[in-house]
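Working notes, beginning with the structure itself.
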Amino acid sequence: MIRFEQVKDFMEGEDALVVACGPSATPDALVQTGPGLWESVSSLCRKHWTLSCNRSIPRVATDFGVVFEPGRDSVWEDVKRRPPMMTFGHHARGCPRKVEVISRDVSKWLPEADHEGRSLRLGQCPFWAAGIALWMGFETVGLIGVDITPDRFNNKAHLFEVEEAWGRLAKLAEKMDRKLVNLNPETYLKAVPLGKGSDIRPKRREP
């Protein structure tokens, strides 16, 4: 078991992708990399440091897995069959190279983003994956599949809380001289500025 404190600024100087589970995160989905230029999600993940969430972990080339779905044992079985370099989560489940992240860590590493513990209750795995990426030292973090479509939430109040939480995280990234960009131009998430795949630098060192 790896302690969470051990990975602080571990990847300083690099950029990363966070791959969530929204419709725009399928392996064949396209991400704009420049004027008139597009590249598939699977191709981008092979070139860049990638943190994948839950069921997206086995779909793409994943360096760091983030699992916050305790009720879905099948997710853990997929992770164990094809383990990333490290897997972050709050249950061990026999996964190799596991970094345990528990609720009390929140006040230590995302105090401004997790206002009054609300973000933790939202259960947004991509939110924690982006926060973990910032904690690890990644400078620019590009979001794929964080579509935040209204039909995925029970009511508008919940959607407002999600938007508010991402806004706090984006501001926290700025204070850290880092940044979040959303690579899906059709997303409903407005709190994170839009970007292109070219904003994320490819891997510059060996794992």
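The values are calculated or read from the model by the stated rules, or taken from the named source; none is laboratory data. Just so we're clear, the structure is a prediction, and the values are computed from it rather than from any experiment. Virtual Cβ from ideal backbone geometry, glycine too; neighbours counted across all protein chains shown.
Odds and ends about this structure:
- Reported count of residues in region 104-141, each being closer than 14 Å to CYS21 by Cα and either crowded, with 17+ Cβ neighbours inside 10 Å or at pLDDT 65 or above (or both), is 7.
- Pairs meeting the criteria (first residue in region 15-43 and over 17 Å from ASP199 (Cβ atoms) and of a type in the set (Phe, Trp, Tyr), second residue modelled with pLDDT of 85 or more and surrounded by fewer than 17 Cβ atoms within 10 Å (Cβ to Cβ), beta carbons under 6 Å, at least 6 apart or on different chains) are lacking.
- For region 194-205, the set of residues classified as modelled with pLDDT of 90 or more, out of contact with any Lys or Arg (no Cβ under 6 Å at 6 or more places or on another chain) and in a loop (DSSP other than H, G, I, E, B) consists of GLY195, LYS196, ILE200, ARG201, LYS203, listed by residue number.
- Hey, ALA20 surrounded by 13 or more Cβ atoms within 10 Å (Cβ to Cβ) and either modelled with pLDDT of 85 or more or aliphatic (A, V, I, L, M) (or both) or not: yes
- Close pairs (8 angstrom Cβ cut-off, 6 or more residues apart or separate chains): closer than 14 Å to LEU189 by Cβ in region 129-147, charged (D, E, K, R) anywhere: VAL141/ASP15; VAL141/ARG178; VAL141/LYS179; GLY142/ASP15; GLY142/ASP199; ASP147/GLU186
- Single residue of region 153-193 satisfying the filter (farther than 23 Å from MET136 by Cβ and part of a loop (DSSP other than H, G, I, E, B)) that is modelled with the highest pLDDT: LYS190
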